[in-house]
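For reference, the structure discussed in these notes is given below.
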Amino acid sequence: MIRIFALLAAMVAVAACTAAAPDEPLEDLGTFKLGHNIVIASKVQMVPGSREVSQKEWVDILTNEVDARFSQYNGDKIYHFGISVEGYFVAPGGVPLVLSPKSVLAINVTVWDDAAGTKLNKAVKKFTVFETTTADSFLVGSGHARTREEQMLGLARNAVGQIEDWLVEQRKENGWFEPEQGSAADLGEDATAASAGQKAAAG
């Protein structure tokens with residue numbers, strides 16, 4: 001994995017997504033409400049040449065960014081995250097316009113349904129996350145343009161953005177976070193429809 005990471009970090013020129021800031025508009029995640037947010041980094045591998053980041057630093061920044069974003073969702077069912085940091089490369093200074101490596105982070109994510117006590121994704125979802133490239137970082141490399149802490153924050157927020165996009169996709173394709181038949185949400189919708197029907201009939 002380390003060799004693959006090093007190749008990706010050296011070759012990628014533009015990040016795949018924009019960092020998901022906590023104050024961006026929320027997506028439609030139905031019944032989702034965040035329960036436990038468990039991040040571990042006990043197996044993390046650092047690509048040689050990277051700026052060093054401790055296990056605790058990865059756990060802290062990812063825990064904070066996941067909480068900041070997903071605690072805003074206020075559905076009526078609780079879901080838990082299990083996140084494992086697998087590897088990283090936080091770009092050093094490099095040589096501008098010659099070798100300007102990009103930072104990259106690999107994580108595995110599992111989502112648990114609290115009420116059912118089961119995983120929603122049977123196999124872990126693997127994410128490879130790149131930092132967002134700006135005009136400055138493209139020219140001189142992110143190791144010159146950003147501090148280590150800024151690089152870590154960018155990776156963490158991009159990871160949150162990818163997780164959120166994946167949850168939205170799973171809801172559309174596989175029905176995640178939909179209310180169960182006979183749930184309070186369904187009853188509320190039925191009552192609203194019935195009331196509308198009564199008003200229409202009376203009119």
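Could you tally the net charge around residue 63, taking each other residue with its Cβ under 14 Å from the Cβ of residue 63, Lys/Arg +1 and Asp/Glu -1?
-1
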- Ranked output for segments 69-76, 155-162 by mean other Cβ atoms within 10 Å, highest leading, reads 155-162, 69-76
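Please report the net charge: other residues with Cβ closer than 14 Å to the Cβ of residue 152, K and R +1, D and E -1. Numbers along the way, then the final one.
Working: positive: 51, 56, 102, 146, 148, 157; negative: 52, 57, 60, 65, 131, 149, 150.
Taking every other residue near residue 152 into account, the sum is -1.
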- Query: Hey, which lysines would be in cross-link range of residue 125, C-alpha to C-alpha under 29 Å, not counting anything within fewer than 8 residues on its own chain?
  - Reply: 33, 43, 56, 77, 102, 172
- Message: Check which residues have an amide H placed less than 5 Å from residue 103's amide H, if you skip close sequence neighbours.
- Response: 91, 131
- Cα-based Kirkwood hydrodynamic radius, the stretch 50-127, one decimal, Å: 14.9 Å
- Around residue 77, with a cut-off of 9 angstrom between Cβ atoms, what is the net charge of the other residues, counting Lys and Arg +1 and Asp and Glu -1? -3
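Values quoted throughout were computed directly from the atomic coordinates according to the rules given, and no laboratory measurement underlies them. Keep in mind it's a predicted model, so treat the numbers as computed, not measured. Reconstructed Cβ throughout: ideal geometry from the backbone, glycine too, with neighbour counts over all protein chains shown.
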